[in-house]
1. Evaluate 2.2 N^0.38 Å with N set to the residue count of the range 185-317, then give the Cα radius of gyration divided by it.
2. So what's the angle, to the nearest 10 degrees on a 0 to 90 scale, between helix 294-310 and the longest Cα principal axis of the chain?
3. Could you tell me the relative contact order of the range 288-401? Use alpha-carbon pairs under 8 Å, at least six residues apart, and round to a whole percent.
4. Place the peptides 265-273, 374-382, 291-299, 83-91 in order of packing, highest mean first, counting for every residue the other Cβ atoms within 10 Å and averaging per peptide.
5. Using packing as a proxy for protection, rank 325-333, 47-55 so that the peptide with the highest average count of other Cβ atoms within 10 Å comes first.
6. Is the shape of the range 302-352 rounded, prolate or oblate, going by the alpha carbon gyration tensor and its root eigenvalues a ≥ b ≥ c, with a/c under 1.5 for rounded and a/b larger than b/c for prolate?
7. Could you tell me the center-to-center distance, by alpha carbons, between the range 345-381 and the range 58-93 in angstrom?
8. I'd like the distance separating the alpha-carbon centroids of the range 200-224 and the range 108-169, in whole Å.
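Coordinate-derived values only; no laboratory data. These numbers come from a predicted model, not from an experiment. We place every Cβ from the backbone using ideal geometry, glycine too, and count neighbours over all the protein chains shown.
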Amino acid sequence: MSRRLIPIAVSPAAQPPAGIDGVARWGEALRRHRGWVLCLQWAVVLLYLTLVILPVLLPPPPESARLLDHLTLFAQFLFWGIWWPFVILSVMLSGRLWCGTLCPEGTLTEWASRHGLGRSIPRWLRWGGWPLLAFVWTTVWGQLISVYEYPRATLLILGGSTVLAMGVGWVYGRGKRVWCRYLCPVSGVFGLLARLAPLHYRADAAAWRAHAGPAQRVDCPPLLDLRHLDAAADCHACGRCSGHRQAIALRGRWPGAELLQSARDPQARLQAALLLVYGLFGVALAAFQWSGSPLWVALKQAAVDAVLEGGLGLWLLEDTAPWWLLTHEPQAQDVFLWIDGLCILVYIGTATVLVGGLLHLLLRIAARCSGLDWAQLALTMTPLGAMTLFVGLSQMTLSQLRTVGLAWPSFVLAARLGLLGAATLWSLAIAGMNLKRAPGQAAGRWLAGLLLLTCLLLMDGLWWRHFVHA
Ligand code: SF4
């Protein structure tokens, strides 16, 4: 049986560009110490599998159990309280370093792809709408089965995604991350957030042309066009191309600079804008807020009354849904009725259409006033979108810390408002720089700025309302 080796050796032909600085040196280190990176990746895989699988095999924690008393609760805290919020933060600060060096799903899909069928990637799989669709699907499904709370729900969503990632890796590509590039439910979100990062790998066009050395091959997992590499959105920051043709290096840049470029691929920009407006400000925000919303309570009450008064659809008041469709955890006295599921779908769907639709409309008017593309204007709101995810996910961190007596309500409120305020200012700064270069008249650009400010304040207001009622 022939065995394929994972190439961890450094290509002797790859040399760092001349005048390499501290930032580039860090990128170089990732390439030079690839063996260590691989060890780290497999250690994370081991930790991930332990935390996803083991809690399902254990008896459920007793009601009196606290965070550190039971592996199930500790795993929940690690996954949803630490892992996810801080991965979001890390992508904003360092690009998709998480994807390229630590993500267990990325490691497993690439490993499967090295040993699999190596088929070429079909056209349907390259469709740009998958990341938005997959993000919406997993977010809504996660709410229906309470993914943050129960181990089997976590195993179903995270484990299911991992199995799919390995399956796609096994069939398509040769040692590549086809899943991560086209299908991963969070790849679109990470691509958005990475645009904010102050670090990115970039190819110097002149150095590339001037390079006269032998042809080198770089194993870029997400299959990027290295010659034109100048953006962090799709790059996994794995460092494997650092020094390639003495032209590629990790560089610093102004945080958010990528949102000022006129995109080479307007289709990708449109997809990113739709994900931000309808995915993050619509679906994700509603998913974070529905359980604490008085509107949801009123909606459910009205639905129950309507069923009882009309005498039709009484089955909606039953709790016969399987656990993989709706939360069904009788031992924790947490069982969703069919009508709960229906109301969650109606709440998230309506909020997405109303909030996303209103933002979309205002941004289109702003675009008309300023002469810019609406998608480019929408992307200036990325910092607030990123903070929406961080603040939303950190709700779980805080509620878990509260169980061990670590809660500082006034500090928490101040910190949340401070983060949202800073993200709003950051968004405004990017919007201001974009509008300054816009082709429209000065009055039109000012009006566009005011409309953008309205969009940002609208999202801040929705969080403020949630904090007041939560
Ligand atoms: S361009 Fe490809 S090889 Fe280079 S750092 Fe990004 S993901 Fe890695």
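1. Details: Rg = 23.7 Å, N = 133, 2.2 N^0.38 = 14.1 Å.
Taking N as the residue count of the range 185-317, the ratio is 1.68.
2. Approximately 50 degrees, to the nearest 10.
3. Numbers: 64 pairs, mean separation 22.2, N = 114.
It rounds to 19 percent for the range 288-401.
4. Details: 265-273: 17.9, 374-382: 25.6, 291-299: 14.3, 83-91: 19.9.
My ranking of the peptides, most packed first, is 374-382, 83-91, 265-273, 291-299.
5. Details: 325-333: 14.2, 47-55: 17.0.
Highest-to-lowest ranking by the protection proxy: 47-55, 325-333.
6. Since a/c reaches 1.5 but b/c is at least a/b, the shape of the range 302-352 is classed as oblate.
7. One Cα centre to the other: 34 Å.
8. Distance between centres, Cα-based: 30 Å.
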